[in-house]
Amino acid sequence: MIYSRIVGTGSVLPGAPVTNDDLVARGVDTSDDWIIERTGIHARHIAPPGVTSSQLGVEAAQKALSAAGVDAGSIDLIIVATSTPDQIFPSTASLIQEKLGVAGCAVFDLQAVCSGFVYALTVADKFIRSGSHKRALVIGAEIFSHILDWNDRRTCVLFGDGAGAVVVEASPEPGVLASAIHADGRHHKILEVPGNVRNGRIEGSPFIHMDGQAVFKFAVRALSEVALEVLHAAGLDKEQLDWLVPHQANIRILQATARRLDLPIEKVIATLAHQGNTSAASVPLALDAAVRDGRIRSGQHVMLQGVGGGFTWGAVLLRI
């Protein structure tokens, strides 16, 4: 029987932290207290001009490869989860492949917004378990600062830039124990960027539009339900879960999800306070942080969760 297992993690945050007070100094109509009370965010990272999602993705990938002790030439699949690609085409995965100096392996982007990394890891697991591929790079890379309306304090204070990556390889022992991904397109309007490029012009809005209350209600229900679904599929109880690594959207969503699962908040990996919402990068960023600081250790059960525009949601249960 072939299984897949994460054998290395890596991440990168561009530039110096941008605090809430820094946003106020830049002219955003808000305050440090207002942002912290509603979101739990104290700071985020904003990519300098000229930095792209593929550049961040390469840095995160290189760190993951180093942690796994393997070279880029051994990778036979690259999946990049991003909603902020470098360009319309080719894929950001193709650009990362070039920057890593490898050729010939399958590469593609996956667009599920903030659920993107969970979706991409689920897909990579299927490829590896099928026997068609042996070692994959799964990357979440975002520069959400490019699609923020800095006059809209309801959204611009929430997001940041960054990238995270994992190396996943074939294993005789289970690493990915179970996964589930879902979507409901009827709710796409509660979180979207409704613009597009046509005939050389932007049609519609190129900025994030969000109904915060609707997103909160949907996210808490979806995250708690999919967590129970995946635990059931793996034959585990909630009490056997060592860590929850959720999409870092809002501290209230993290707290509410933990309560619904009867999970102590101390078992929730939260990097939101100093990174903000980095969309598809948030889960691998949080995972890498907890692996590197020693909280997540070999043998533990770890659940990764994502929820985002589409509306999409999903979870992956790991044995590290």
Problem - Gained length - Ile265 relative to Asp293, 0.36 nm times residue gap less alpha-carbon distance - result: 8.3 nm
Exercise for the section: Holding the Cα-Cα limit at 24 Å, pick out from Lys134/Lys267; Lys99/Lys189; Lys63/Lys134; Lys63/Lys99 the pairs that are longer than that. Expected result: Lys134/Lys267; Lys99/Lys189
Problem - Calculated P(r) of the range 158-274 - Cα pairs past 23 Å, % - result: 47
Fill in the blank from the handout: Measuring from its Cα centre, the range 262-317 shows a charge dipole (+1 at each Lys and Arg Cβ, -1 at each Asp and Glu Cβ) which, in debye to the nearest 20, is 120
Exercise for the section: State the extension gain, in nm to one decimal, for the chain segment bounded by Asp21 and Ser66, taking 0.36 nm per residue of separation less the distance between their alpha-carbons. Expected result: 12.6 nm
Fill in the blank from the handout: Restricting to Cα pairs under 8 Å and 6 or more apart, the percent relative contact order of the chain works out to 26
Exercise for the section: Please identify, among Asp33, Asp125, Asp242, the residue showing maximal mean-square fluctuation in a Gaussian network model of the chain using a 10 angstrom Cα cutoff. Expected result: Asp33
Problem - Inter-probe distance in nm under a simple model that places probes 7 Å from Cα toward Cβ, at Ser130 and Ser205 - result: 3.9
Problem - Charge dipole (debye, nearest 20) of the range 38-161; +1 at Cβ of Lys and Arg, -1 at Cβ of Asp and Glu - result: 360
Practice task
Would you mind classifying the range 83-234 by shape? Square roots of the alpha carbon gyration tensor eigenvalues, ordered a ≥ b ≥ c; an a/c under 1.5 is rounded, otherwise it is prolate if a/b is larger than b/c and oblate if not.
Solution key: oblate
Problem - Charge sum, other residues only, whose C-beta stays under 15 Å from Ala214's C-beta, Lys/Arg counted +1 and Asp/Glu -1 - result: +3
Fill in the blank from the handout: For 159-169, 128-138, 12-22, 272-282, ranked highest to lowest by mean beta-carbon neighbours within 10 Å, the order is 159-169, 272-282, 128-138, 12-22
Practice task
In vacuum, with every alpha carbon of the range 119-159 counted as one equal point scatterer, what does the Debye formula give for log10 I(q)/I(0) at q = 0.16, 0.23, 0.33 Å⁻¹? Two decimals, please.
Solution key: -0.57, -0.72, -1.07
Exercise for the section: Could you give me the radius of gyration and the Dmax of the chain, taking only the C-alpha atoms into account and expressing both in angstrom? Expected result: 18.4, 57
Handout entry: Most mobile of Trp243, Trp150, Trp34 in a GNM of the chain (Cα contacts under 10 Å)
Key = Trp34
Practice task
Give, rounded to the nearest 20 debye, the magnitude of the charge dipole that the range 218-320 has about its Cα centre when Lys and Arg contribute +1 at Cβ and Asp and Glu contribute -1 at Cβ.
Solution key: 140
Fill in the blank from the handout: P(r) of the range 1-141 over all Cα-Cα pairs, 10 Å bins starting at 0, rounded to whole percent, reads 11, 35, 30, 16, 7, 1
Handout entry: Amide hydrogen neighbours beyond the local backbone of Gly162, cut-off 5 Å, H modeled
Key = Glu142, Phe144
Problem - Separation of the Glu173 and Arg38 label points, Cα + 7 Å toward Cβ, nm - result: 4.7
Problem - Among Val197, Gly104, Val118 the positive-end extreme of the charge dipole of the range 85-234 (Cβ point charges) - result: Val197
Handout entry: Furthest towards positive pole of dipole, Pro14, Ser66, Pro48, structure part the range 5-66, Cβ charges
Key = Ser66
Problem - Scattering profile of the range 206-278 at q = 0.16, 0.19, 0.20, 0.26 Å⁻¹ [log10 I(q)/I(0), Debye over alpha-carbon scatterers] - result: -0.60, -0.80, -0.87, -1.28
Handout entry: Point-to-point label distance, Asp242-Glu98, nm (Cα→Cβ direction, 7 Å offset)
Key = 4.1
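No value in this document is a laboratory result; all are computed from the given coordinates. In this text, all values refer to a predicted model and were calculated from it rather than measured experimentally. Backbone-built Cβ (ideal geometry, glycine too); neighbour counts: all protein chains shown.
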